[in-house]
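Right, one structure below, let's go through it.
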Amino acid sequence: MCGIIGFIGDRPCSEILLGGLQRLEYRGYDSAGVAVWDGAQIAIVRAEGKLSNLVRALVQNPIDGDPGIGHTRWATHGRPSEQNAHPHKAGPVVVVHNGIIENHLALRAELEAQGRLFASETDTEIISHLIHQEIERGATLAEAVRRALKRVVGSWAIAVLSETEPDRIVAARMASPLVVGLGEGENFVASDIPAVLHHTRRFMFLEDGDVAELTKTDVRLTNLDGAHVERPIRNIDWSPTMAEKGGYKHFMLKEIHEQPRAVTDTLRGRISLEQGRVILDGLSDEAEYWKSISRVVIVACGTSWHAALVGKFWIEATTRLPVEVDLASEYRYRNPVIDASSLVVAISQSGETADTLAAAADAKRHGARILAICNVVESSLPRLAHHTVYTHAGPEIGVASTKAFVTQLAVLYLLSIYGGRGTGRLSEAEAKRKLAELVKLPTAIGQALRQRNRIRRMAERFHKVADFLFIGRWLNYPIALEGALKMKEISYIHAEGYPAGEMKHGPIALIDENMPVVAIATRNHVYDKILSNIQEAKARRCTVIALVTEGDEEAANHAEIAIPVPPVPEDLEPLVTVVPLQLLAYYVADYKGTDIDQPRNLAKSVTVE
Ligand code: G6P
């Protein structure tokens, strides 16, 4: 996720913009830029890499004035570079943008056909051209922004300057956060509160479809049709560190709550419900892509490996091809069977995990086709892979992965439908049904999050235990592994994840009244089996915490504590059942007082073997 700041007042604003961007640095970015009205024109300075590069560029090429806008970019369309960094200019119009424009290819073709020249590979540049076009047709800046936004499909938070009306900033929001900060004789716009918190504590939170016109002394809000709208002014008393975490105590908790949005962003522009098709960035037509593939191998580490285990079930079911999953650290040393008919899917949040890179490189050497699923654009893995499908989770700061995991699942589910259609083993009707259910998932994840207070209360009771056992079957077996991994990573409590059917082959010997057992007992075709496993555990006097489908009294009665999850089609359950387990680990760790965002001995990105 990128960062936006804008300022209008009576002060030269380069320093204000840079200060705001510095306060957004913790979110991660790959390039940055500022644009200011210098009294004659809008001057722009941008730089790839860290803000210190932008500061250096500003020393060499000083610009100042007012108003101004600034941006830190986290690449989604187009690699990280100076040319792709924001702001983007078209004629007199300068734009910074967070979000994703889904119909950018069609709009770009249309604008290029009119002779408009593009200077970057970004989807954002479309917006500046569309606004410019409307200004040429006689619209005011605010009206031009409204008209342009009516043509784009996707998500946006934007801030716009124009040389035709240098006394204002126009900003707008759709599915990407944007706030207006109110000062005395000056106003601000920002994607995040910390960017401007040291200037003002009075904020208006824009809602989807809002367009704000800021002058020094006034802020006027309309909807996309130009009708006046009002938003309340709120006083924000957060400390600067609270503000960075969006008011949450830890980044991990914030990231858990960002999951509905992260999945929405990951699905955006990749689904055609009408055709029952999945369109994956840069990949050819599905029949063409799958023509020569006879087997699939998925390699990953840690949480990404758990996503791979779920992906195996999905891809096998839709393509009927054999799918193997391997820990990258094992794969690279075991002389695997691999050739040009193998598709190797390498999953990594960071794109920098040494073992995953080595496994993918090895498979590539043996002629396999490499498909990366990655969250960081232009990291090492996408550069090595033949193709990459990005998860649009935004920067993940907490070391324990949460939102990256659910977006990896979302991409794997898309890949299974792409593969099912490509191999001809999944009918159009079935693909349509699956996709229609998939797009409802962000809402279901939001519902699962509503259990947070109940989970927080129960966590207090368990924070002193020495061990946890997590059990699940079928698609929820990898989720049991993930629940256990989250617990050990951040609470330092020993936790085992196990396929429930294997419990009697070992772990049952560990169970007594001191070991809570967390069972994923949702209503699916292995429901009866897991209820039996719960009985077996209970007979050893342990406390059973069960995840149950909302309204399922039978399963709830089997457990001492039941946590309801919303009903979803059984193959999509992992995206909701993981949520209470993330929250359980989080609150247990919080009661223990561990360093949740940076647990001892762990690193976000393991770049060594
Ligand atoms: C580290 C992180 C985990 C992550 C794993 C794989 O161990 O702490 O959260 O799952 O690396 O990382 P990757 O970036 O390849 O997904």
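The values are calculated or read from the model by the stated rules, or taken from the named source; none is laboratory data. Quick caveat, the model's predicted, so the values are computed rather than measured. FYI the Cβ positions are ideal-geometry reconstructions off the backbone, even for glycines, and counts take in every protein chain you see. The area values use the complete protein model at the heavy-atom level, side chains included, leaving out ligands, DNA and RNA. Shrake-Rupley method; radii C 1.70, N 1.55, O 1.52, S 1.80 Å.
Considering only residues that are within 14 Å of residue 344 (Cβ to Cβ) and buried (at least 22 other Cβ atoms within 10 Å of the Cβ), which ones fall in segment 313-322?
Initially, segment 313-322 is screened for residues within 14 Å of residue 344 (Cβ to Cβ), giving 315, 321-322.
If the condition is that a residue be within 14 Å of residue 344 (Cβ to Cβ) and buried (at least 22 other Cβ atoms within 10 Å of the Cβ), then 315 is the only one that fits.
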Matching option when the condition is more than 28 Å from residue 476 (Cβ to Cβ) and either within 16 Å of the ligand (Cβ to nearest atom) or open to solvent by 40 Å² or more (accessible area, probe 1.4 Å) (or both), among 346, 358: 358
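For segment 360-391, name all the residues that are in a helix (DSSP H, G or I) and aliphatic (A, V, I, L, M). Explain how you work it out, then say what you get.
Going through segment 360-391, the residues in a helix (DSSP H, G or I) turn out to be 360-365, 380-384.
Scanning segment 360-391 gives 360, 361, 363, 381, 384.
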Residues located in segment 311-343, provided they are assigned to a helix (DSSP H, G or I), touching a strand residue (DSSP E or B) at 6+ places or on another chain (Cβ under 8 Å) and away from the ligand (no atom under 14 Å from the Cβ): 312, 315, 316, 319
Top-ranked residue of segment 292-307 - restricted to ones that are assigned to a loop (DSSP other than H, G, I, E, B) and more than 10 Å from the ligand (Cβ to nearest atom), ranked as least open to solvent (accessible area, probe 1.4 Å): 293
Residue among 582, 535 that is within 16 Å of the ligand (Cβ to nearest atom) and either more than 31 Å from the chain's Cα centre (by Cα) or buried (at least 17 other Cβ atoms within 10 Å of the Cβ) (or both): 582
Unique match (being more than 16 Å from the ligand (Cβ to nearest atom), farther than 18 Å from residue 319 by Cβ, touching a residue at least 40 places away in the same chain (Cβ under 8 Å) and open to solvent by less than 10 Å² (accessible area, probe 1.4 Å)) among 431, 448: 448
Members of segment 397-428 found to be open to solvent by less than 10 Å² (accessible area, probe 1.4 Å) and among the β-branched types (Val, Ile, Thr), listed by number: 402, 406, 407, 411, 417
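Here's the yes/no breakdown for (1) touching a strand residue (DSSP E or B) at 6+ places or on another chain (Cβ under 7 Å); (2) of a type in the set (Phe, Trp, Tyr):
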{"residue": "435", "(1), (2)": "yes, no"}
{"residue": "465", "(1), (2)": "no, no"}
{"residue": "474", "(1), (2)": "no, yes"}
{"residue": "477", "(1), (2)": "yes, yes"}
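Across segment 544-568, which residue is least open to solvent (accessible area, probe 1.4 Å) among those that are in contact with a strand residue (DSSP E or B) (Cβ under 7 Å, 6 or more places away or on another chain) and not in a strand (DSSP E or B)?
Let us first name the residues in segment 544-568 that are in contact with a strand residue (DSSP E or B) (Cβ under 7 Å, 6 or more places away or on another chain), namely 544-550, 555-556, 558-565, 567.
This time we only want the ones that are not in a strand (DSSP E or B), so: 550, 555-556, 558-560, 567.
Working: 550: 87, 555: 0, 556: 26, 558: 40, 559: 16, 560: 111, 567: 87 Å².
This residue is 555.
Would you confirm, using the coordinates I've provided, whether residue 394 is in a loop (DSSP other than H, G, I, E, B), open to solvent by less than 10 Å² (accessible area, probe 1.4 Å) and within 10 Å of the ligand (Cβ to nearest atom)?
no
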